Structures are given as C-alpha cells and as structure tokens.
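As structure tokens, the structure follows; a few thoughts come after it.
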Amino acid sequence: MAYSLTVNGETRLIDMPGDTPLLWVLRDGLHLTGTKYGCGVAACGACSVHVDGQAVRSCQTLLEDAANAEVTTIEGLGTPENLHAIQAAWLEHQVAQCGYCQSGQIMQAAALLAETPQPTDAEIDEAMGGNLCRCGTYPRIRAAVHSAAATLKG
Ligand code: FES
Ligand code: FES
C-alpha cells in the first residue's frame, strides 16, 4: 500500500511499509539526507522535522501515522537564496561545530518561534532541551534564536 505525504510542499507517494519510521522514508525513500539519525529512540532530537507545523522526532514517527500530513524538513525550510530567519541567524552566530545535530536544532527552533515569537531564555531552554549537541553549541543556539526572533519581529 502506498501512502501519500506532502514533503516540502510536494505531494509524494511512498511505497514503503506503514510501520517504517518517517526518518527512513525521508532519507532512504526520498533521499532527503539533511535529517539525521542519532539515537533512534526519540532521545537526541537529531531527526527533528515538522509534521503539520509541529516539531516531531522522525525516528519515532511511523509513515502510517504521518500519512496525508504536511512534512517539512531542513531542505524545505529556506533556500540558499532566501534563508529562513533561523538559518540566517545560525550563520550570523556561526552556531554549528561538527554540524551533525544542527538540522534538528534548526527545525526545533523554527517550531518554537512559530509558537512563541519572542521566547525568553527559559522558554528556549525548555523547548530546545531535548535536542542534544555533543559539541556544546548551546550558548550560540540560544543567541541565534534571540537574533532570529528579533529579525522576525521586524
Ligand atoms: S534519532 Fe530521533 S531523537 Fe535521536
Ligand atoms: S554541532 Fe556537533 S553535535 Fe551539535
């Protein structure tokens, strides 16, 4: 049975078992490899994407549960010519170190700002607390989220 998903604005038919984690649908099925595998058990946040505007852990989201949903991955957040405010702030603050966790961090931060446009430090820490970074980029993540919030405020 094929499942329909809208991924980064494009409707895709996915011919994979319904219990396939969304992470593997994206990476293996659609070759969108910006979304990373970290732990596989919803404990690190590296695989974060948006499903119907909410940040979810794609390693623990089944294809059958995401069917007909709107999925956004890091590849669909902005373009090199037109970066999302979060991506521009990440560049401005040179947030990434090894980079492995960063697409998940950015997707989580984008979902935070969509819901809470001017977050406090405490709100940032709470929203981002499940996204681990072995390089310890947390202070720069926080600064970049504030910077993107200021940009979006205009
Ligand atoms: S790979 Fe999904 S939360 Fe770690
Ligand atoms: S930048 Fe290396 S794990 Fe976060």
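Derivation of every value follows stated rules applied to the coordinates shown; laboratory data play no part. Because the structure is a prediction, the values reported are computed rather than measured. Neighbour counts are summed over all protein chains in view; Cβ atoms, including those assigned to glycine, are modelled from backbone coordinates with ideal geometry.
Just a few scattered comments:
- The chain - percent relative contact order, Cα under 8 Å, separation 6 or more: 24
- Between helix 138-153 and the chain: long-axis angle, C-alpha atoms, 0 to 90°, nearest 10: 90
- Spin-label proximity, Met1 to segment 15-34 - amide N less than 14 Å from point 7 Å beyond Cα toward beta carbon: 15-20
- Cα gyration tensor, segment 97-153 - rounded (a/c under 1.5), prolate or oblate: prolate
- Helix-only [θ]222 nm of the chain, DSSP H runs n ≥ 4, -39500 (n - 2.57) each, per residue, nearest 500: -10000 deg cm²/dmol
- Each of the peptides 128-138, 39-49 was scored by the mean count of other Cβ atoms within 10 Å over its residues; in descending order, highest first, they stand as 39-49, 128-138.
- Of all beta bridges that DSSP places with both ends in the chain, some 85 percent have antiparallel geometry.
- Selection from Ile14, Gly45, Leu77, by position along the positive dipole direction of segment 1-102 (Cβ): Gly45
- Nearest-20 debye value, segment 1-117 charge dipole, Cβ charges on Lys, Arg, Asp, Glu: 300
- Total formal charge among the other residues, if their Cβ is under 13 angstrom from that of Thr6, Lys/Arg +1 and Asp/Glu -1: -2
- Additional length obtainable on full extension of the chain from Asp52 to Thr11, 0.36 nm per residue less Cα span: 13.4 nm
- Cα-based helix-to-principal-axis angle, 102-115 vs the chain, degrees rounded to 10: 80
- Cubic angstrom per residue, convex hull over Cα atoms of the chain: 103
- Between Leu152 and Tyr37, full extension at 0.36 nm per residue minus the direct alpha carbon distance yields a gain of 38.4 nm.
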